[in-house]
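Colleague: First the structure, which I've put down as structure tokens, then a few questions once you've had a look.
Derivation of every value follows stated rules applied to the coordinates shown; laboratory data play no part. Bear in mind the structure is a predicted one, so any value in this text is a computation, not a measurement. Note: ideal-geometry Cβ built from the backbone for every residue, glycine included; neighbour counts use all protein chains shown.
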2 protein chains.
Amino acid sequence: MSYELWYWSDIPGRGEFVRLALEAANIPYRDCAREPQVGSQGLIEDMLRTRQHPPFAPPYLVAEGMTLGQTANILYFLGERHGLAPADLPGRLWVNQLQLTIADIVAEAHDVHHPIAASLYYEDQQTEALRRAAYFRKERMPKYLAYFERALSGGGGWLAGGERWSYVDLSLYHVIFGLLYAFPHRMAMIARDYPQVMALHDRVANLPELQAYLTSPRRLAMGADLFRHYVELDDKPTQQT
Amino acid sequence: MSYELWYWSDIPGRGEFVRLALEAANIPYRDCAREPQVGSQGLIEDMLRTRQHPPFAPPYLVAEGMTLGQTANILYFLGERHGLAPADLPGRLWVNQLQLTIADIVAEAHDVHHPIAASLYYEDQQTEALRRAAYFRKERMPKYLAYFERALSGGGGWLAGGERWSYVDLSLYHVIFGLLYAFPHRMAMIARDYPQVMALHDRVANLPELQAYLTSPRRLAMGADLFRHYVELDDKPTQQT
């Protein structure tokens with residue numbers, strides 16, 4: 001029986017980190033809320049079903065009779081079950097540690113445009129967003145990018161070492177993809193400081209096992225999502241740092 | 001060789017989640033940055049040391065030659081190695097999932113008083129904090145507390161089921177402890193809606209294996225930490241919801 005992924009039907013969101021792993025490893029899955037008769041309303045109903053282990057929020061994966069919530073937890077399972085992470089203890093904990101650091105930057109990138117409340121429109125917290133965005137661009141983006149550059153300093157080009165990608169490489173690719181989408185001018189200014197991170201982004205984008213997915217309608221466009229492009233939250237094109 | 005815990009020396013912070021597990025399980029450890037000759041400066045220097053697997057931020061645990069970062073990752077290791085979580089796959093993934101949800105509420109509770117930037121003083125983002133706090137109290141606290149109440153609905157009193165606490169029970173205790181400290185009036189109004197969560201808090205507070213720690217100087221006082229008590233960010237004593 002194939003896995004069932006549950007996530008909002010209209011944005012990549014946190015579901016995308018799971019999709020990338022499933023797609024790159026060629027693991028069969030249903031993207032349940034994207035099935036026409038289900039949709040976001042069906043997702044909300046499914047979330048409220050009585051379960052031994054309920055999820056707090058999407059994404060969640062129904063697999064082998066389990067309902068697994070939290071993106072990093074889903075990926076930990078997929079990594080262990082399908083060999084998408086090192087099998088040894090130090091390696092799998094390292095990949096998990098990096099994935100949790102990705103969860104942190106993703107949450108911060110979201111809060112740039114939603115610094116007051118997820119339940120408010122961006123337009124109703126834009127003043128605060130302008131202020132938070134300046135610190136995110138100046139302090140947080142370089143801190144996270146420098147960390148991942150350092151994590152890649154062992155050479156070889158993959159975060160866990162070894163000859164092949166692990167799931168966290170796919171996730172870091174999507175974070176960089178999201179930062180390039182949301183903060184194109186900022187990234188144009190600082191990307192050169194993180195050559196190994198940018199090379200990893202390109203390497204994942206060109207993985208043969210991802211090409212079918214990346215060009216398919218299964219891949220959703222960025223939009224009103226975690227990573228959002230608002231011109232006023234990015235640096236100006238001519239601005240010097 | 002005993003474990004080495006590295007965390008800021010003057011606040012419970014995220015280090016407290018690790019300390020509670022180490023203490024309750026009676027696992028020997030050094031709290032390195034609290035040793036007088038080390039301190040926060042020694043922590044900063046240690047973080048910059050060349051390591052195969054560098055941490056992004058404290059806490060981190062040096063154990064069996066590994067350096068493990070990210071609170072939930074450290075706890076996952078301790079749970080597996082010391083039997084502080086179920087050994088079966090569904091059980092250990094469930095505990096990890098709950099721990100990641102705790103990481104989410106902890107980050108949100110911090111951003112209540114630091115909605116713009118961690119690098120700014122509270123006083124320099126107080127206007128935004130007042131606004132964010134209202135949504136945290138009204139929307140986020142009930143959402144998280146209701147979720148953990150639901151997670152405890154199977155009865156038995158522990159999040160993973162079974163006869164004994166797992167590490168995530170200790171962490172939920174500390175979250176409730178933090179919410180009671182930071183938002184005493186809000187909690188006085190809503191705690192009755194979450195009887196199983198509050199009972200878990202009391203049960204952990206009274207665990208025989210934690211009493212020595214909870215009354216020792218090893219346990220740091222709350223203060224300029226993740227959970228902060230600012231009167232203006234809590235409900236007013238007489239306010240009705």
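Colleague: Roughly how large, in nm² to one decimal, is the mean projection of the convex hull of the alpha-carbon atoms in chain B?
Modeller: Result: 13.7 nm².
Colleague: What is the mean number of Cβ atoms from other protein chains located within 10 Å of the Cβ atom of each residue in peptide B:46-57, rounded to a whole number?
Modeller: 4
Colleague: Return the lysines within reach of B:Lys138: Cα separation strictly under 21 angstrom, same-chain partners fewer than 8 residues apart disregarded; answer none if there are no such residues.
Modeller: Cα-Cα hits under 21 Å: B:Lys236.
Colleague: Now a separate question. Could you give the longest part of chain A that holds none of the trypsin sites (Lys or Arg not before Pro) found in DSSP loops with at most 15 neighbouring Cβ atoms within 10 Å?
Modeller: A:52-163
Colleague: Can you list residues whose amide H is under 5 Å from A:Tyr60's amide H, if they're 5+ apart or on another chain and H is modeled 1.01 Å from N?
Modeller: A:Trp6
Colleague: Can you list residues from other chains, or at least 5 along the same chain, whose modelled amide H is less than 5 Å from the amide H of A:Ser9?
Modeller: Here A:Ser40 satisfy the definition.
Colleague: A further question on this structure: Take the alpha carbon gyration tensor of the stretch A:35-158, find the square roots of its eigenvalues, order them as a ≥ b ≥ c, and report rounded if a/c is under 1.5; if not, report prolate when a/b exceeds b/c, else oblate.
Modeller: Because a/c hits 1.5 or more and a/b fails to exceed b/c, the stretch A:35-158 counts as oblate.
Colleague: May I pose another question? Could you derive backbone 3J(HN,Hα) for the stretch A:168-182 from the dihedral phi with the Karplus parameters 6.51, -1.76 and 1.60 (θ = phi - 60°), listing whole Hz in sequence and x where the residue is Gly or Pro?
Modeller: 6, 5, 4, 5, 5, 3, 5, 5, 5, 3, x, 5, 5, 6, 7
Colleague: Shape of the stretch A:89-207 from its Cα gyration tensor (a ≥ b ≥ c, root eigenvalues): rounded if a/c is under 1.5, otherwise prolate when a/b > b/c, or oblate?
Modeller: Verdict is prolate for the stretch A:89-207.
Colleague: Using Cβ counts within 10 Å as a stand-in for footprinting exposure, how do A:Ser9, B:Ser216 rank, fewest first?
Modeller: B:Ser216, A:Ser9
Colleague: Could you give the size of the charge dipole of the protein assembly as shown about its Cα centre, using +1 on the Cβ of each K and R and -1 on the Cβ of each D and E, expressed in debye and rounded to the nearest 20?
Modeller: 20
Colleague: Give me a single rounded figure for B:73-79: the average over its residues of other chain Cβ atoms within 10 Å of their Cβ.
Modeller: Mean number of neighbouring Cβ atoms from other chains: 4.
Colleague: Averaged across the residues of B:112-119, what count of C-beta atoms belonging to other chains lies within 10 Å of each residue's C-beta?
Modeller: Average neighbour count from other chains, rounded to a whole number: 4.
Colleague: Just want the ordering: B:His113, B:His229, from fewest to most Cβ atoms lying within 10 Å of their own Cβ.
Modeller: B:His229, B:His113
Colleague: For the protein assembly as shown, give the share of DSSP beta bridges that are antiparallel, in percent and rounded to the nearest 5; count only bridges with both residues there.
Modeller: 70
Colleague: Pop out the ³J(HN,Hα) list for the stretch A:103-120 in order, Karplus 6.51 cos²θ - 1.76 cosθ + 1.60 with θ = phi - 60°, rounded to Hz; leave Gly and Pro as x.
Modeller: 4, 5, 5, 5, 5, 5, 5, 5, 6, 4, 9, 9, x, 9, 7, 5, 7, 9
Colleague: Right, next: Does the protein assembly as shown classify as rounded, prolate or oblate by the C-alpha gyration tensor (a ≥ b ≥ c root eigenvalues; a/c under 1.5 gives rounded; else a/b over b/c gives prolate, otherwise oblate)? Mind showing how you got there, number by number?
Modeller: Values: a/c = 1.22, a/b = 1.20, b/c = 1.01.
It comes out rounded by the Cα gyration axes.
Colleague: For chain A, with the dipole built from +1 on Lys and Arg beta-carbon atoms and -1 on Asp and Glu ones, taken about the Cα centre, which of A:Gly79, A:His53, A:Ala134 lies farthest toward the positive end?
Modeller: A:Ala134
Colleague: While we're here: Report, in whole Å, the centroid distance computed from the Cα atoms of the stretch B:105-168 and the stretch A:70-107.
Modeller: One Cα centre to the other: 24 Å.
Colleague: Give me a comma-separated list of calculated 3J(HN,Hα) values for the stretch B:47-63, in order, Karplus coefficients 6.51, -1.76, 1.60 applied at θ = phi - 60°, integers in Hz, x for any Gly or Pro.
Modeller: So the Karplus estimates, Gly and Pro as x, are 4, 8, 4, 6, 9, 4, 10, x, x, 7, 6, x, x, 9, 10, 9, 8 Hz.
Colleague: Moving on. Taking loop as defined by DSSP and a crowding limit of 12 other beta carbons within 10 Å, which GluC sites (Glu not before Pro) in the stretch B:128-207 fit?
Modeller: Hits after loop and neighbour filter: B:Glu163.
Colleague: Moving to a separate point now. Among the GluC sites (Glu not before Pro) within the stretch A:1-65, which fall in a DSSP loop and have no more than 14 other Cβ atoms within 10 Å of their own Cβ?
Modeller: Those satisfying the criteria are A:Glu64.
Colleague: Also: Averaging over every viewing direction, what projected area does the convex hull of the Cα atoms of the stretch A:3-82 cover, in nm²?
Modeller: The directionally averaged projection comes out at 4.9 nm².
Colleague: Of all DSSP beta bridges located in the stretch B:1-156, what percent are antiparallel, nearest 5?
Modeller: Just about 70 percent of them are antiparallel.
Colleague: At B:Gly157, label 7 Å along Cα→Cβ: distances to the other copies, nm, ascending?
Modeller: 5.7
Colleague: Among B:Leu130, B:Leu98, B:Leu22, which one shows the biggest mean-square fluctuation in a GNM of chain B, springs joining Cα atoms closer than 10 Å?
Modeller: Result: B:Leu130 has the largest fluctuation of those listed.
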